[in-house]
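Colleague: First the structure, which I've put down as structure tokens, then a few questions once you've had a look.
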Amino acid sequence: MTQNANLFSALRAAFPTDLDRVAIETADAEPLYYTWRDLERGTAMLANLLESLALPPGARIAVQTEKSVEALMLYLAVLRAGFVYLPLNTAYQRSEIEYFIGNAEPSVVVCTSKNFGWVSRIAFSAGTAHVFTLDDDRSGSLLQRAALHSDRHTPVPRAADDLAAILYTSGTTGRSKGAMLSHGNLLSNARVLKQYWGWQPGDVLIHALPIFHVHGLFVATHGALLNGSKMIWFSRFDPKAVIARLPEATVFMGVPTLYVRLLHEAALTRAACARMRLFVSGSAPMLVETFEAFRERTGHTILERYGMSETVMLTSNPCDPKDGERRGGTVGPALPGVGVRVVDDAGAPCPAGEIGHIQVRGPNVFQGYWRMPEKTAEEFTADGWFKTGDVGRIDAQGYVTIVGRSKDLIISGGYNVYPAEIEGTLNDLAGVAESAVIGVPHPDFGEAVVAVVVARPGSTPDAAALIDELKSKIANFKVPKRVFVVTELPRNAMGKVQKKLLREQHQGLFGG
Ligand code: MLC
Ligand code: AMP
């Protein structure tokens, strides 16, 4: 290995010289202050603990814990020790966790003490050697064990294409796929964003997103760390509390639902945002009316960008006016060094302004799906472009507009929901013959999940009871907000369920 491309080493190199400055302040009634030295020492102790376990090279460390600074340190420690981080949404239920652990075969699982009983049973039966607990009050076996280790540690050298993380992303058919991201993928993207978004000395980030997906884990934390910037750390998004801290901050990142909720607060004013430099939105489409209402109220033009678990960030509206204006309803041009193109059904590039399939190529594009070489091959073109599954157009200035998706995907409050997975779960419930799951406009979540269900002959399933049953089986954000029991699903001449028709029928359901 010629050069150490460990992402942690690059982040640490950006720590301020004065390690006693505050790196993270929690937004609690009784705040905790973590200095850069605390991050350095805490991640060293955790990395030493991981190394002491004699794990195999490339070992996966699966983590399902509440958001906390210690959970962030665990992520950084996994990078530091050269292992592979596997974050899991806290909403995932037993059968979902069983699948992820069975598929990824992690050597270490970290969970909350509340879930230790069932998680450890699943993990040990899948061959996991170590299960630790970590709670959001800093208790649990992980930190107890880490405290016994040295607070000095030399980051393990990694090559740019060594794996840093696996992010599970649902599939259009079948089960979730693990997107394998390398140190090089993450670092190249973080560096491009640092430059393109003009991170500057004195920037302070309000971190209010979960840390188990690309947006909160990578885009937000890498941005702040690579700039040596302080974070104000919210364990969960609370619009009133966020607004109260805006005067101390300069950067905020959110999914559109967060902006919708901020706009509901009268306290969101120009004065409250006077010190802010940048508001970033992404992970789901932002309505132009939200974009405009925010500008009207605060004087700030939200910067919308476009990303994916498989590619981190692909495009972004400009930050610096010399790079162009921020246009609502678009996700901006391809980031520097990233190639984005739109092709027709035959794979030929579309002329400017024409709608087609969005494809991407660049140092940000992942290494493939974990243990799914055929699926990986299917998602790349012969000339090496990744098929995003999004549909859009690129105008003459290079601005990308996403107009839809060729993948059957619902994005609710920034979380992805694949109808096939929900339909499969519904169809297994007693009394259900078949089902169709659709997304309809929702004023808060952007899209809401709705299910249309056909009863088995002789059964009369109750919609509310089906919803309750689903809550015990799948993550709460995937559970349909409404279930309709019907006698049959509309089908076309080929026998395919006409989801478009169902979407039209239900589109006013939430006043959208
Ligand atoms: C919560 N609920 C949701 C939901 N979140 N329902 C639909 N969609 C969602 N996203 C439901 C729960 O099931 C529960 O229902 C009720 O709302 C209250 O739960 P909660 O946990 O208290 O909700 P809340 O804290 O208000 O969460 C809403 C939210 C959260 C918007 C803050 O969903 C969130 O943090 N979203 C951000 C997701 C994100 O980070 N995405 C980035 C992906 S990365 P009930 O019935 O049980 O009461 C990516 C790539 C990229 O896409 O480009 O960035
Ligand atoms: P995920 O698999 O969770 O990483 O979600 C990635 C998907 O989110 C993309 O393929 C897009 O469909 C969607 N997405 C991300 N950012 C945006 C955005 N700014 N506008 C519209 N859709 C977006």
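The values are calculated or read from the model by the stated rules, or taken from the named source; none is laboratory data. In this text, all values refer to a predicted model and were calculated from it rather than measured experimentally. Every residue, glycine as well, gets a Cβ built from its backbone with ideal geometry; the counts of neighbours run over all protein chains shown. Heads up: the accessible areas ignore ligands, DNA and RNA and are worked out on the full protein's heavy atoms, side chains in. Shrake-Rupley method; radii C 1.70, N 1.55, O 1.52, S 1.80 Å.
Colleague: From 205, 225, 187, grab the single residue that is open to solvent by 10 Å² or more (accessible area, probe 1.4 Å), within 19 Å of the chain's Cα centre (by Cα) and away from ligand 2 (no atom under 16 Å from the Cβ). I'd like the intermediate steps shown before the answer.
Modeller: Values: 205 fails: open to solvent by 10 Å² or more (accessible area, probe 1.4 Å); 225 fails: open to solvent by 10 Å² or more (accessible area, probe 1.4 Å).
Selected residue: 187, the only one of 205, 225, 187 that is open to solvent by 10 Å² or more (accessible area, probe 1.4 Å), within 19 Å of the chain's Cα centre (by Cα) and away from ligand 2 (no atom under 16 Å from the Cβ).
Colleague: A further question on this structure: Could you tell me whether the range 441-463 includes any residue that is among the hydroxyl-bearing types (Ser, Thr, Tyr) and part of a strand (DSSP E or B)?
Modeller: Looking only at the range 441-463, we keep the residues that are among the hydroxyl-bearing types (Ser, Thr, Tyr), and these are 459-460.
Checking the rest, the ones that are also part of a strand (DSSP E or B) come to none.
Among the residues of the range 441-463, not one is among the hydroxyl-bearing types (Ser, Thr, Tyr) and part of a strand (DSSP E or B), which makes the answer no.
Quick grid of which residues meet (1) in a helix (DSSP H, G or I); (2) in the same structural domain as residue 67 (by TED's automatic domain parsing); (3) in contact with a Leu (Cβ under 8 Å, 6 or more places away or on another chain):
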position	(1), (2), (3)
253	no, no, yes
260	yes, no, no
272	no, no, yes
285	no, no, no
295	yes, no, no
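Colleague: Among the numbered criteria (1) more than 16 Å from ligand 2 (Cβ to nearest atom); (2) of a type in the set (A, V, I, L, M); (3) closer than 29 Å to residue 63 by Cα; (4) open to solvent by 10 Å² or more (accessible area, probe 1.4 Å), which one does residue 211 miss?
Modeller: Single failed check for residue 211: (1).
Colleague: For the subset of the range 281-310 comprising residues that are within 12 Å of ligand 2 (Cβ to nearest atom) and touching a His at 6+ places or on another chain (Cβ under 9 Å), which member is nearest to residue 333 (Cα to Cα)?
Modeller: Here the answer is 307.
Colleague: Every residue in the range 65-86 that is outside any loop (DSSP other than H, G, I, E, B) and either open to solvent by 10 Å² or more (accessible area, probe 1.4 Å) or of a type in the set (Phe, Trp, Tyr) (or both), please.
Modeller: Of the residues in the range 65-86, the ones outside any loop (DSSP other than H, G, I, E, B) are 69-80, 84-86.
Those that are outside any loop (DSSP other than H, G, I, E, B) and either open to solvent by 10 Å² or more (accessible area, probe 1.4 Å) or of a type in the set (Phe, Trp, Tyr) (or both): 70, 73, 75, 85.
Colleague: Let me ask something else about it. I'm trying to understand the selection: among the residues of the range 465-512, which are under 18 Å from residue 455 (Cα atoms), touching a residue at least 40 places away in the same chain (Cβ under 8 Å) and in a loop (DSSP other than H, G, I, E, B)?
Modeller: Of everything in the range 465-512, those that are under 18 Å from residue 455 (Cα atoms), touching a residue at least 40 places away in the same chain (Cβ under 8 Å) and in a loop (DSSP other than H, G, I, E, B) turn out to be 480, 489.
Colleague: Among the residues of the range 323-337, is there at least one that is assigned to a helix (DSSP H, G or I), more than 16 Å from ligand 1 (Cβ to nearest atom) and touching a residue at least 60 places away in the same chain (Cβ under 8 Å)?
Modeller: Within the range 323-337, the first condition is being assigned to a helix (DSSP H, G or I), and the residues that meet it are 323.
Now drop any that are not more than 16 Å from ligand 1 (Cβ to nearest atom), which leaves 323.
Next, from what is left, pick out any that are touching a residue at least 60 places away in the same chain (Cβ under 8 Å): 323.
Looking through the range 323-337, at least one residue is assigned to a helix (DSSP H, G or I), more than 16 Å from ligand 1 (Cβ to nearest atom) and touching a residue at least 60 places away in the same chain (Cβ under 8 Å).
Colleague: Can you spot a residue in the range 232-240 that is open to solvent by 20 Å² or more (accessible area, probe 1.4 Å), modelled with pLDDT of 95 or more, within 18 Å of the chain's Cα centre (by Cα) and more than 27 Å from residue 409 (Cα to Cα)?
Modeller: Among the residues of the range 232-240, at least one is open to solvent by 20 Å² or more (accessible area, probe 1.4 Å), modelled with pLDDT of 95 or more, within 18 Å of the chain's Cα centre (by Cα) and more than 27 Å from residue 409 (Cα to Cα), which makes the answer yes.
Colleague: For the range 475-496, which positions are hydrophobic (A, V, I, L, M, F, W, C) and either surrounded by 15 or more Cβ atoms within 10 Å (Cβ to Cβ) or within 15 Å of residue 426 (Cα to Cα) (or both)? Break it down stepwise before answering.
Modeller: Filtering the range 475-496 down to residues hydrophobic (A, V, I, L, M, F, W, C) leaves 475, 477, 479, 483-486, 489, 493-494.
Answer for the range 475-496, where residues must be hydrophobic (A, V, I, L, M, F, W, C) and either surrounded by 15 or more Cβ atoms within 10 Å (Cβ to Cβ) or within 15 Å of residue 426 (Cα to Cα) (or both): 475, 477, 479, 483, 484, 485, 486, 489.
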